[in-house]
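**Student:** Take this structure first; my questions come after.
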Amino acid sequence: MTRLVEWFLGVVGAAITTGIAAVFAQQQSSVQAPGGSLWPFPGIVLLEIAVLGLMGLVAVGLDREVLTWAVVGALVGLMFLGIFSVGPFLFPTVSAFLVAALMADRRKERHSLPKLGLAAVTMIGNAVLLIGLIMITRG
């Protein structure tokens with residue numbers, strides 16, 4: 001039963017992230033100037049959100065705890081960077097993947113605390129990478 005709940009949470013997380021990316025991309029496209037482009041920003045961030053959600057689903061499905069925790073961390077970083085736009089919509093996804101990771105750790109009697117550190121490192125790394133990309137493209 002626990003495994004079924006983990007799968008459900010993974011599907012919910014992936015559905016939310018892909019939905020968020022699609023809705024925000026459509027909304028941003030409608031407000032772009034004629035001939036404008038979503039690339040590189042916000043398009044790359046929306047693509048990353050969708051890819052992370054799908055990676056989270058795969059990680060939960062394959063029971064890869066390290067990847068699941070890394071996805072949680074990366075999404076938390078995006079949630080904080082996008083606090084005034086897409087960030088609040090990522091909270092349910094982060095929660096779903098976090099609960100799935102915690103359930104998997106408990107089911108396999110693994111310690112979650114070290115993986116929380118991995119999530120923190122991934123969060124910081126993703127945030128630094130995106131801030132660096134923004135600085136490079138804004139030149």
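**Student:** Among the residues of the stretch 41-48, is any in a helix (DSSP H, G or I) and surrounded by fewer than 16 Cβ atoms within 10 Å (Cβ to Cβ)?
**Tutor:** yes
**Student:** Return yes or no: is THR68 crowded, with 17+ Cβ neighbours inside 10 Å, of a type in the set (Val, Ile, Thr), at negative phi and in contact with a Ser or Thr (Cβ under 6 Å, 6 or more places away or on another chain)?
**Tutor:** no
**Student:** Let me ask something additional. Please find, within the stretch 105-139, the residue that is farthest from the chain's Cα centre (by Cα) out of those that are open to solvent by 100 Å² or more (accessible area, probe 1.4 Å) and farther than 24 Å from VAL45 by Cα.
**Tutor:** GLU109
**Student:** Still on this model: I'm told ARG110 meets every condition in (1) more than 15 Å from TRP7 (Cα to Cα); (2) free of Cβ contacts under 8 Å to residues at least 24 places away in the same chain except one. Can you identify the failing condition by its number?
**Tutor:** (2)
**Student:** Consider VAL23 carefully, then state whether it is open to solvent by less than 40 Å² (accessible area, probe 1.4 Å) and either at pLDDT 95 or above or in contact with a strand residue (DSSP E or B) (Cβ under 9 Å, 6 or more places away or on another chain) (or both).
**Tutor:** Against the criterion (open to solvent by less than 40 Å² (accessible area, probe 1.4 Å) and either at pLDDT 95 or above or in contact with a strand residue (DSSP E or B) (Cβ under 9 Å, 6 or more places away or on another chain) (or both)), VAL23 does not qualify.
For every residue, the table says whether it meets (1) buried (at least 16 other Cβ atoms within 10 Å of the Cβ); (2) among the charged types (D, E, K, R); (3) in a helix (DSSP H, G or I).
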position	(1), (2), (3)
VAL5	no, no, yes
LEU38	yes, no, no
GLY53	yes, no, yes
ALA74	yes, no, yes
MET79	yes, no, yes
PHE84	no, no, no
PRO88	no, no, yes
THR93	yes, no, yes
MET103	yes, no, yes
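The values are calculated or read from the model by the stated rules, or taken from the named source; none is laboratory data. None of the values given here were measured: they were computed from a predicted structure. Don't worry about glycine lacking a Cβ; one is built from the backbone with ideal geometry, like all the others, and counts go over all protein chains shown. Just the protein is used for accessible areas: all its heavy atoms, side chains included, with ligands, DNA and RNA removed. Shrake-Rupley method; radii C 1.70, N 1.55, O 1.52, S 1.80 Å.
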